[in-house]
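Trainee: Before I ask anything, let me first share the structure, which is written out below as structure tokens.
The values are calculated or read from the model by the stated rules, or taken from the named source; none is laboratory data. All figures in this text were calculated on a predicted structure; none of them were measured in a lab. Cβ placement follows ideal geometry from the backbone for every residue including glycine, while neighbour counts extend to all protein chains displayed.
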Amino acid sequence: MLAKVFEIDVTKCQHCKGEMSIVAAIIKPSEVARYLKHLGIEHEPPARAPPRYQQEPFEFGSTDALYECMSIIDD
């Protein structure tokens, strides 16, 4: 995917063009954060954006209609 999107060949060294291999896969979030922090890279995710739309208040109607529906089902 990196090769298609960013035209980066992750199997080749950027400096000497030699072959590279995978040494480790870090998947535990706390370890990823620790590694990025060590490198001086932002390790906290950005703040979540506010919602685009604010939901209008919703009020249920009277419970009479509910009980009326229930009596129809019970019949």
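Trainee: Every residue in the stretch 1-56 that is of a type in the set (Val, Ile, Thr) and in contact with a Leu (Cβ under 8 Å, 6 or more places away or on another chain), please.
Mentor: Let us first name the residues in the stretch 1-56 that are of a type in the set (Val, Ile, Thr), namely 5, 8, 10-11, 22-23, 26-27, 32, 41.
Passing the criteria: Ile8, Val10.
Trainee: Note down all Cβ pairs under 8 Å where the first residue falls in the stretch 17-31 and is more than 23 Å from Glu42 (Cα to Cα), the second is modelled with pLDDT under 90 and outside any loop (DSSP other than H, G, I, E, B), and they're at least six residues apart or on different chains.
Mentor: If the second residue must be modelled with pLDDT under 90 and outside any loop (DSSP other than H, G, I, E, B), the pairs left are Gly18/Lys12; Glu19/Lys12; Met20/Lys12.
Trainee: Within the stretch 1-45, can you find the residues that are among the aliphatic types (A, V, I, L, M), surrounded by 10 or more Cβ atoms within 10 Å (Cβ to Cβ), more than 20 Å from the chain's Cα centre (by Cα) and not in a loop (DSSP other than H, G, I, E, B)? Break it down into steps so the answer makes sense when it comes.
Mentor: Step one: filter the stretch 1-45 for residues among the aliphatic types (A, V, I, L, M), giving 1-3, 5, 8, 10, 20, 22-27, 32-33, 36, 39, 41.
Going one step further and asking which of them are surrounded by 10 or more Cβ atoms within 10 Å (Cβ to Cβ), we end up with 3, 8, 10, 20, 26, 32-33, 36.
Applying the additional criterion that residues be more than 20 Å from the chain's Cα centre (by Cα) yields 3, 8, 10, 20.
Passing the criteria: only Ala3.
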